[in-house]
Amino acid sequence: MGVQLKTQSDIETMKKGGQIHASILRSLSEAVKPGMSAGDLDTLARALLEESGVRAAFLNYTPEGVSYPYPSAVCVSVNDEVVHGIPHEDIILKEGDVVSIDIGVEHEGLITDAAITIGVGEVSEDAQKLMNVTKESLMVGIKAAQLGNTVGDIGHAIESFAKPYGYGIVRILAGHGVGYSVHEDPYVPNYGKPGTGEKLVPGMVIAIEPMLTLGSDEVAVTEDEYTYVTYDGSLSAHFEHTIAITENGPIILTK
């Protein structure tokens, strides 16, 4: 398909959608508490989406290689689940858990994608540090998304920042283009060589999403075909923003 550049008007629309997106994500993260189920978060997400007049972009979306559409409005991934966890009612959040909430929002036909990882109640020092570093590595990646740089520069910036902490940098999952559909070109890995890969040009809209673990970078997909878990059972964190590449540097649309 190749990279589909967005018009100035598209980017303005995505910025409006991105603000709604950010506020929904904030409400979801504030609702997280011990004893609630992942299903409760999905119910709340659906209500917030409807209230805001936007659509759940993940609901009924079928990614490549999966045999059925995604059944929920939001992905809720707990502890060793890296991404795409299906929010079942029987997944009960408990004190000390680490939860990634990932949601796609469609506003006026254009899609933004963003995720946040939060602790349930009090979390361990290791878990808190992992979340802090993952969040910071997202900001480092965004900073590298300058006009004339490449996708490899973004991945290299994230990898160089995260590596000294000894965390696993998940390699088989990556950021991606977004806007007209949930997943578009280019592929945006969280590692790479400077100057390699797709060149960043004005109108490019990408989701950058580092995923770090307390152990190995190896992940496996579970029987539900969606949920990725760390191979060694270690904790994982995931942060994501949708950004637009402009003449004046990257703009975070989901801020």
Could you list the chymotrypsin sites (Phe, Trp or Tyr not before Pro) in region 213-255 that lie in coil according to DSSP, counting only those with at most 16 other Cβ atoms within 10 Å of their Cβ? TYR231
For region 36-179, whose charge dipole is built from +1 on Lys and Arg Cβ atoms and -1 on Asp and Glu Cβ atoms, the candidate among PRO71, THR117, ASN132 with its Cα farthest towards the positive end is ASN132
Where in the chain is the longest stretch that carries no GluC sites (Glu not before Pro) classed as loop by DSSP and with at most 10 other Cβ atoms within 10 Å? 123-222
Quick one: order HIS107, HIS238, HIS88 by neighbouring beta-carbon count within 10 Å, fewest to most. HIS88, HIS107, HIS238
Quick check on the chain: helices-only [θ] at 222 nm, where DSSP H runs of length 4 and up contribute -39,500 (n - 2.57) each and the sum goes over total residues. Nearest 500, please. -9500 deg cm²/dmol
In terms of the charge dipole of region 8-252, which places +1 on Lys and Arg and -1 on Asp and Glu at the beta carbon, the residue among THR230, ALA144, ILE24 farthest towards the positive end is ALA144
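Name the shape class, rounded, prolate or oblate, that the alpha-carbon gyration tensor gives for region 163-237, where a ≥ b ≥ c are the square roots of its eigenvalues, rounded holds for a/c under 1.5, and otherwise prolate holds if a/b is larger than b/c and oblate otherwise.
oblate
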What is the magnitude of the charge dipole of the chain about its Cα centre, with +1 placed on the Cβ of each Lys and Arg, -1 on the Cβ of each Asp and Glu, and no other charges, expressed in debye to the nearest 20? 900
Sum up the lysine pairs in region 8-252 that clear both bars: alpha-carbon distance under 17 Å and a spacing of 8 or more or different chains. 7
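Since every read-out is calculated from the coordinates, none of them should be taken as a lab result. All values derive from a computational prediction rather than experimental measurement. No Cβ is skipped: glycine too gets one built from the backbone with ideal geometry, and neighbour counts run over all protein chains shown.
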